[in-house]
Amino acid sequence: MSRTATIILILVSALVFIGVGFAVGQVVQAAINTPGSADDPLVSQSYVEQLVGQRTAALQSLIEDLQAQIETLSQAQINPLPNNPSTPSTPVDPDPGTEPTPGTDPDPGTDPDPVDPEPTGKVIEVTGSSVNVREGPSTDTNKIGSVVKGDELEYIGSEGDWYKIKTKDGKIGYIANYLGVLK
């Protein structure tokens, strides 16, 4: 075979392989990206946009909650309570294995006054997903329990930015007022 015939045969073979490769590629691409399927780039983009929209809305809600908390804390810094509940008014027993010191509360979370406060007839509906109930109107006081969104607590009164409440199991404590709605 002559040299020219060999070159022509190689060129024709290359063109055939290119044509076959193009045809196979089109068939494979058409099978993978069927219009309207989950693999379709337009469907995937709309799914992503929907997901991003949902996440953005959730984050915006969280930002608004945090801004409300910041505002509440800012107001607490501007208008501090006259009695700082983070400073204990009674001495703390240095040896917890001994009898309680007179004037201390051996059972945190119960009202030291043996007489139950008068019911106000009002309730607090918890709006936070999980809310700590504290001994006093400050995050510096001990946690004595927790309540969840939708729980209804007996309203006793307000101290600054805190609600004084009574839980269903009878504990007297405090929750931050931005985590509940007075009804």
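FYI, it's all coordinate maths here, none of it is from the lab. Computed from a prediction, not measured in an experiment: that's the story for all the values here.
What the table below lists for this structure:
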| quantity | calculated |
| --- | --- |
| Shape category assigned to the range 123-182 from the gyration tensor of Cα positions, a/c cut at 1.5 | rounded |
| Under 5 Å, built H, 5+ apart or other chain: amide partners of ILE144 | VAL133, ARG134, GLU135 |
